[in-house]
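The values are calculated or read from the model by the stated rules, or taken from the named source; none is laboratory data. Because the structure is a prediction, the values reported are computed rather than measured. Virtual Cβ from ideal backbone geometry, glycine too; neighbours counted across all protein chains shown. Just the protein is used for accessible areas: all its heavy atoms, side chains included, with ligands, DNA and RNA removed. Shrake-Rupley method; radii C 1.70, N 1.55, O 1.52, S 1.80 Å.
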Amino acid sequence: MFEENYKKAMDAITPSEQIRSEISEKIKMKEHKHSAKNPAVVWRVAFAAVACAAIVLCALFIPHNTITLKKSDSVKTLSVVNSYNKIYKILSKSNNKYLRSGNEEFDGALDERYIDSASKPTTGAGSTANTGSSSKNTQESAVDIKNDYSDTTEQVDGVSESDIVKTDGKYIYSITDADLRIFKADGEKSALLSQTKISDDQDYQFGEMFIKNDRLIILKSNYENRYKQSVSFTIYDVSDASAPQKIAECSQDGVYNSARMVDDYVYLISNCYINLDLINKDEPATFVPGVVCNDTLKTVPADRIYCFSEENCENMYTVVGAYNYKDGALSDTASLLGGSESIYCSKDNIILTNSYFISAEDVKTDKYSQTKTTVSRLEINNGKINYKASGDIDGELENQFFIDEYNGYFRFVTTVYEVTESVTNFANTTSGIATYSSDTFAKLSVLDGSLKTVGTISDLARGEEVYSVRFMGDIAYFVTFRQTDPLFSADLTDPQNPKILGELKITGFSEYMYPYGDGLLLGFGQEADAKTGITSSLKLSMFNISDPSDVFESDKTVVEGYNYSPALWNHKAMLVSPTKNLIGFASGDNYGHTKYLIYRHTDNAFERAATLEFKDNSNIENVRALFINDAIYIVTPNTLSVYDINAFLQINKIEF
C-alpha cells in the first residue's frame, strides 16, 4: 500500500517533457546572464534558474514531523565588540564557518570593478539620514563633463569611481598588467610620455585607478589563497608625467570589493576571510584584519569592529579604510563581521549589502524560504567613518544602481526569490511527499536614516527578475525581464507611499539605463524573442520620459551581428555623452573581431556613426574610449588610437 501511494505521488509531480525543455532553456539563459557579472552573485544561479520556472522541481520523501522551518529576524542590531578577546570567543564558538558568504568565489581580480576613537552606533526610529544635503545622482549625462573631456561613468555627482583608463583632460593614464603608461593627449600630436613597471611581483593583479590633481592612485590585488589575500594601492606623483614618482603604498587584508574617492579621501572596501582552524587567542593578527601603510602594520581596533550576532556570525569581515589621496595617510577604519556585495556610496554615506537565504514558516502561504539582503549604513565625513544603522530588505540587488540616496532616504529595487512547499499525504501513514515550487517578483523599498522600512511597492512582475534601475530624483525607472521587457516608472515623492506610475512592455531588456538630456533615457541591453525570451543581438533603446506616467520607446536599434559587450555588465565600459551626442561601446562581431561602435541620436533616431576595428584583437574587456575636446581616444592593452570626433577619421595611432 505504501509503495503504491509513493508511486502515485511521484507520478503526480513528474514534470512533462515540455516543462523540462523550458527549464533547460531558462537555465541556459540564466547562466549566460550571470557568467559575465560580478562573481558575488554566482552562488545563486542554480536557485534563480529554478525560480524562472516556478514549477515543481524536486520531491522529498519525509515524515511530516521532521519538517522544521525557522523564522529569521527582520531587525538587525550591531554592537561594538570592544575587545580582541571577545572577537576571539565569537569566532571560536561559531558553528557557521561558511554561512552564506556571497563573495566566496572572488579571485582577487579588479576587472569590474583607522585609528582614532570609536564611534558607537547611533540610531533613531523614524529618523532620516544626517546627510547635510541630499546626494545627487548623475543625471545630466552618464559621464562627468569637465572642461570638455569625459570622465569615468559615475553614479553619483562628486563621488569618483576607479577604472583601468583615466584622464585629467591633458594626459591619459592606462594600466595593463604591471605597466603604467602616460600619454600626452593632443589629438594628432598625442604621444607616449612614459612607461613605468609598477611591480615585478607575479602575485599582484593590477586593476583600476583614480586621478586627482597631480596624484595617481593605482589599485592592485594580491591573492595567495582563500585566507591570505590583500588589496592595496600605490600613490604616484605625476606632476612630471614623463617621470612618475612613487610616494606611498598602503594595503588592507581581504579581497577587493570596491573603492570610491570623495573629496580628499579614498574609501577602500574589502572582504577578509578568517581561517577558523588557525586562529590564536594570543595573536590578534590571526583573526582580525590588518592595515599596512608605508610598512607599518596595524590591526583594526576592537572598538571599530561591529557584530550582528555572537551566536551566528560569518568567518569574514567587511573592512572599510579611509586614506588621504595625497600621501596615503590612514584617516580611519571600520569593520563589520560579515561580508559585503554591492556597494553604494554618496558624498555622505556608504551602503554595504549582503544577501542571504532564509527559511520561514507561514501557515497561510506555506512559504518555505526566501532571499533577503542586509543593508548597513556607514556615515563618512572628511575621512572619518561612523557606523549608523543596519536593516533588512526582501530580495537581492544586482549592482550599485539598484541603490539610491535622496533627501535623507535610501531606496532599493530588488528581485525576490521564494520557494513554496506543499505536502502530499500518504493514506494511513504519518509520512508524505514534500514538493517545492519557486517564483520571483520585483520589490521597491524605501528606508529612512535608521534603515527602517517606511514604504514599499511589492509583488511586481511575477516570474521576472529586475535587470536594471535608474533613480532620477523623485522618479525611479526599473526594467524586469522574462520574455519581454516591462519598464516601470514609480513616483517616490512621498517616501511612505511610493506608487507605480506606468508600465511599458517591449521586446528585449536593458542592462543599464543612462539619462540622455531632457526627457530622454537611454537603455543598453539585448533584444530577445517575444515568445521564448531567448536573447540575440545587442540593443539600444531611447525612452521618452517627459511624462513619467506615459513612458514610451521613441526609437530603438538592434545591433545585428553583435551579441556581447562588456558594457552589458560594467557601466564603466560605456561612453555616453548627450552633450557630444556620443554613445560608444566595444563589441565582438560574429567572426571574433573586436570593434568599437559609435552611435549618435538625432531627430529621434539612432544612427551608426562609426565602426572602428582593432586588428590586434585586444581583450574586449579592457577597451575604453574617452573624448577630449574634438578628439576621441580609444585605449586597448596594445594601442592608443585617436580619431576626429566629427568624421571619425584616424589621426594618430600609438602602438606599444
So, of the residues in the stretch 467-502 that are of a type in the set (V, I, T) and more than 18 Å from the chain's Cα centre (by Cα), which turns out to be surrounded by the fewest Cβ atoms within 10 Å (Cβ to Cβ)? T493
Here are some conditions: (1) touching a Gly at 6+ places or on another chain (Cβ under 8 Å); (2) over 22 Å from N399 (Cβ atoms). Q526 meets all but one. Which one does it not meet? (2)
Looking for something part of a strand (DSSP E or B), at pLDDT 95 or above, closer than 27 Å to F585 by Cβ and open to solvent by 20 Å² or more (accessible area, probe 1.4 Å) - is there at least one such residue anywhere in the stretch 503-512? no
Looking only at the stretch 565-580, how many residues end up being open to solvent by less than 20 Å² (accessible area, probe 1.4 Å) and either among the aromatic types (F, W, Y) or assigned to a loop (DSSP other than H, G, I, E, B) (or both)? 3
Looking at (1) open to solvent by 10 Å² or more (accessible area, probe 1.4 Å); (2) touching a Pro at 6+ places or on another chain (Cβ under 6 Å), find the lone condition where I358 falls short. (2)
If you check every pair at least six apart or on different chains, which have Cβ atoms under 8 Å apart with a residue in the stretch 435-452 that is farther than 13 Å from F412 by Cβ first and a residue that is open to solvent by 20 Å² or more (accessible area, probe 1.4 Å) and of a type in the set (F, W, Y) second? Y436/Y368; S438/F47; G449/Y409
Quick one: count up the residues across the stretch 284-326 that are open to solvent by 30 Å² or more (accessible area, probe 1.4 Å), at pLDDT below 95 and in a loop (DSSP other than H, G, I, E, B). 7
Has the stretch 415-432 got any residue that is in contact with a Phe, Trp or Tyr (Cβ under 7 Å, 6 or more places away or on another chain), aromatic (F, W, Y) and either surrounded by fewer than 17 Cβ atoms within 10 Å (Cβ to Cβ) or not in a strand (DSSP E or B) (or both)? yes
Return the total of residues in the stretch 532-564 being closer than 20 Å to M574 by Cβ, open to solvent by 40 Å² or more (accessible area, probe 1.4 Å) and not in a strand (DSSP E or B). 3
Across the stretch 178-226, what is the number of residues that are modelled with pLDDT under 95 and among the basic types (K, R)? 3
